[in-house]
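Working notes, structure below.
The values are calculated or read from the model by the stated rules, or taken from the named source; none is laboratory data. Small disclaimer: the values here were computed from a predicted structure and weren't measured. Here the Cβ is made from the backbone with ideal geometry for all residues, glycine too, and neighbour counts use every protein chain on show.
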Amino acid sequence: MRVLIVGCLRGRLGQAANVVIGRGIQVDHEETVSKAIDRACSHGNHHLAICEVECGIRSLVNGLASQRIHVPVLACGPANAALAAEAISDGAEDYLPLPPDADLIASFLQEVAHESHKLISIDPAMSQLLSLVQKVAVSDASVLVCGESGTGKEVLARYIHKKSHRNKGPFLAFNCAALPDTLIESELFGHEKGAFSGALSRRVGRFEAANGGTLLLDEISEMDVRMQAKLLRAIQEREVDRLGGNASIPLDVRIIATSNRDLKSEVKYGRFREDLYFRLNVVSLTVPPLRSRRLDIVPLAKHFSKKYCKLNGLPTRAISDKANEILTNGIWKGNVRELENAVHRAVLLSSCDVINVEDFNVAEVSSSRGTEKAAVNSNPWVGSSVDDVEQALILDTLTYTDGNRTHAASILGISIRALRNKLRNYASKGASVPRPSLGLATEQ
C-alpha cells in the first residue's frame, strides 16, 4: 500500500505520517498540491492522499480528477467542525483532526486497503472453488474469473492476490467498460508529456504502476477488438510503450481478467480475439450466483449489517431469524451486490436493535422468487424425463430438416450413426419417425 502525504511535515502532519509509516506502509511526501499531482501521475499506484487543509483540498481533488487519477483524499487540520465541513464539501472523503488519533488513522487505512472486501463463504459450492483458488494463487498464471454481475469477481481477484507471493506488491483494478476507447490506451500504458493534447505531464499507466503485483482487468469483454490487440502484445512481450515514448518498459505483472459474458461466444461472433482469450484463460474460475450458494446469504447479510452500522455510526444490529429466512429464500438477480444494498437500506430504516422483516423490501425479494418459479412452470418439459425431452428434440429437428438425417445430425451435434441408432430405437417403441427426404437412401 502506498500513501501520498501533502503538506508540511514539521508540524502535526508529521505525527500522522509517522503513524502511517509505523504500520509498514510506503509513504511519498510533497509540500504542494501541484507537486503532489505530478508525483501521483509519475507513480500511479497511490491508495490514499492525506492533505492539510491549508494546501487546498479542492485544488488537489480537481487536479487528480483532471488526470483521471482516482485516489481518495483524506483532509486533515485542526479539530474544527467548520473546516471539516468545508473540506468534505471540497471533495475530501473524510476529515482527520490533528493531532492525529492512531486508531482513527488505522481505520481509514483499513477501509482504503479494502480489508473490508472479505471473502465470506461457508457454502460447499464456494468451498470447491476456493480449494482450486488455493492451488492457483501461488503461481503466476493468468486467471479468467467469470460469473454474473455482482457475484464478487473482484473480491475473488483480490483474494487470489492476497494468497500469492505478490501480496506485498500493488493490486490495481481497471474497469474496461468505464472509459471510452480513446482513453483506455493512455490509462493502461501511460503517456509522456506532450504526447497528445491535454497531456500536461508524464503519466504512468496501470500496467507499469502494477509492476511486481497484480493487475485486474475488470469486464474485459467490453474492450474494443482493436485495443485487445495492443493488450495482447503487452501481455505476450511483458513490456509496454508509453504514448509518445521512445523506450519499452519491462513488466512483471500478473493478469487477472473478469467477465460476465461467455467469452467463447464472444470469440465465435468476432467480438473478442481468440488469441487473447487463450492467453488470459490459463486458469478459468466461475463464481456461482448467490442463489446457488444459499448457505452464504446469512453470513454475508450479517457482515454487511455490521459494516454499515459502523459506517453510519450506529450500534451493531442483528438480523432477526424471520428476516434471515426471507433473505435466504430470495433469488437475488443482482447477487451479492443486491443483497448488500438491501441490508444497507435495512440498516438505515431500522429503528430497533434488531433488523426485522419490515425493514426490508419484502415484496421485491419475494417477487424475484415468484418470477423464477413462473418461468420454470411455463416450460412445458418441466416434469419430463431427459430421455423424453431428447426424443422430442431429435424428432422435431428431423421434421425441421424434412427427414434429412445428415442435416439433422449436424444441427444436433451428434454423429449420423448415433442418430440412426436412436431413430431405430424410437421406431421400435412405436414412435412416428419422419421418413428420409426424397432421393435419400438413408436407413431408418
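Just give me the residues in the range 162-197 being small (Gly, Ala, Ser) and in contact with a Lys or Arg (Cβ under 6 Å, 6 or more places away or on another chain), in sequence order.
So the first thing to find is which residues in the range 162-197 are small (Gly, Ala, Ser), and the list is 164, 169, 173, 177-178, 186, 190, 194-195, 197.
Scanning the range 162-197 gives a single hit, 190.
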Is the range 11-31 home to any residue that is surrounded by fewer than 22 Cβ atoms within 10 Å (Cβ to Cβ), modelled with pLDDT of 90 or more and farther than 20 Å from residue 98 by Cβ? no
Could you tell me whether the range 57-78 includes any residue that is over 24 Å from residue 187 (Cα atoms) and surrounded by fewer than 17 Cβ atoms within 10 Å (Cβ to Cβ)? yes
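Okay, residues lined up against (1) touching a residue at least 24 places away in the same chain (Cβ under 8 Å); (2) of a type in the set (A, V, I, L, M):
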{"position": "167", "(1), (2)": "no, no"}
{"position": "177", "(1), (2)": "yes, yes"}
{"position": "183", "(1), (2)": "yes, yes"}
{"position": "198", "(1), (2)": "no, no"}
{"position": "213", "(1), (2)": "yes, no"}
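Right, residue 312: in contact (Cβ under 8 Å) with a residue 24 or more places away in the chain, exposed (fewer than 14 other Cβ atoms within 10 Å of the Cβ) and within 27 Å of residue 159 (Cα to Cα) or not? Full working, then the answer.
Numbers: in contact (Cβ under 8 Å) with a residue 24 or more places away in the chain: yes; exposed (fewer than 14 other Cβ atoms within 10 Å of the Cβ): yes; within 27 Å of residue 159 (Cα to Cα): yes.
So residue 312 fits the description; yes.
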Filter result for the condition that a residue is more than 33 Å from the chain's Cα centre (by Cα), of a type in the set (A, V, I, L, M, F, W, C) and either modelled with pLDDT under 80 or within 30 Å of residue 308 (Cα to Cα) (or both), over 382, 362: 382
Can you give me the number of residues within the range 264-279 that are closer than 15 Å to residue 233 by Cβ and at pLDDT below 90? 0
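Please note which helices (runs of 4 or more DSSP H) are completely contained in the range 118-221 and include at least 1 residues that are surrounded by fewer than 19 Cβ atoms within 10 Å (Cβ to Cβ) and of a type in the set (Gly, Ala, Ser). Working first, answer last.
Details: elements: 124-137, 153-163, 181-189, 206-209.
It comes to 124-137.
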Answer residue from the range 18-47, given it is free of Cβ contacts under 8 Å to residues at least 24 places away in the same chain and in contact with a strand residue (DSSP E or B) (Cβ under 9 Å, 6 or more places away or on another chain) and is farthest from residue 203 (Cα to Cα) among those: 21
Say whether the condition of being surrounded by fewer than 17 Cβ atoms within 10 Å (Cβ to Cβ), free of Cβ contacts under 8 Å to residues at least 24 places away in the same chain, of a type in the set (D, E, K, R) and outside any loop (DSSP other than H, G, I, E, B) is met by at least one residue in the range 251-266. yes
Please verify whether residue 327 is buried (at least 19 other Cβ atoms within 10 Å of the Cβ), farther than 30 Å from residue 104 by Cα and at pLDDT 90 or above, treating the condition exactly as stated. yes
Taking the range 42-91 only, how many residues are part of a strand (DSSP E or B) and of a type in the set (Asp, Glu)? 1
